[in-house]
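Read through the structure below, which is laid out as structure tokens, and then see the notes.
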Amino acid sequence: MCLAVPGQVVEISDAERELAKVSIGGVQREVNISLVLEEGEAPEGLLGQWVVVHVGFALSRLSPEEAEETLRLIDALSR
């Protein structure tokens with residue numbers, strides 16, 4: 001089973017390669033953000049944003065409320 005999880009963009013680690021550090025459950029991972037950037041958008045525009053991450057790629061953006069609810073549901077499943 002595959003799982004995509006919410007993470008918050010905390011740093012742009014390599015703007016040229018479209019890589020960012022994303023905090024997932026307090027652990028920072030380097031993630032490719034190219035799939036969630038709008039055409040012409042600077043990677044720095046994602047700082048503080050929530051994204052859904054799967055196998056090292058940010059797949060979509062989430063509102064803070066969607067991220068919180070998803071994290072709550074994941075936590076409930078782990079109990």
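Quick note: the coordinates plus some simple rules give every number you see, no bench work behind them. None of these values were measured; they are calculated from a predicted model. For neighbour counting, all protein chains shown are included, and Cβ atoms are generated from backbone atoms with ideal geometry for every residue, glycine included.
Between region 62-79 and region 16-50, what is the C-alpha centre distance in whole Å?
Comparing the Cα centres of region 62-79 and region 16-50, I get a distance of 20 Å.
So what's the net charge close to E38: Lys and Arg +1, Asp and Glu -1, counting the other residues with Cβ under 14 Å from its Cβ?
Summing Lys/Arg as +1 and Asp/Glu as -1 gives -3.
Taking the Cα centre of the chain as the origin and placing charges on Cβ (Lys, Arg +1; Asp, Glu -1), which of S23, L71, L46 is farthest toward the positive end of the dipole?
L71
Only Cα pairs under 8 Å and at least 6 apart count here; give the relative contact order of the chain as a rounded whole percent. Working shown, then result.
Numbers: 138 pairs, mean separation 23.5, N = 79.
With pairs under 8 Å counted, the relative contact order is 30 percent.
Treating only the Cβ atoms of Lys and Arg (+1) and Asp and Glu (-1) as charged, compute the dipole magnitude of the chain about its Cα centre; round to the nearest 20 debye. It would help to have the intermediate numbers written out before the result.
Details: 6 positive and 14 negative charges, 89 e Å.
Roughly 420 debye, rounded to the nearest 20.
Where the Cα atoms of the chain are projected onto their three principal axes, how long is each span, largest first, in whole Å?
Taking the Cα atoms of the chain, the three principal extents are 41, 21, 21 Å.
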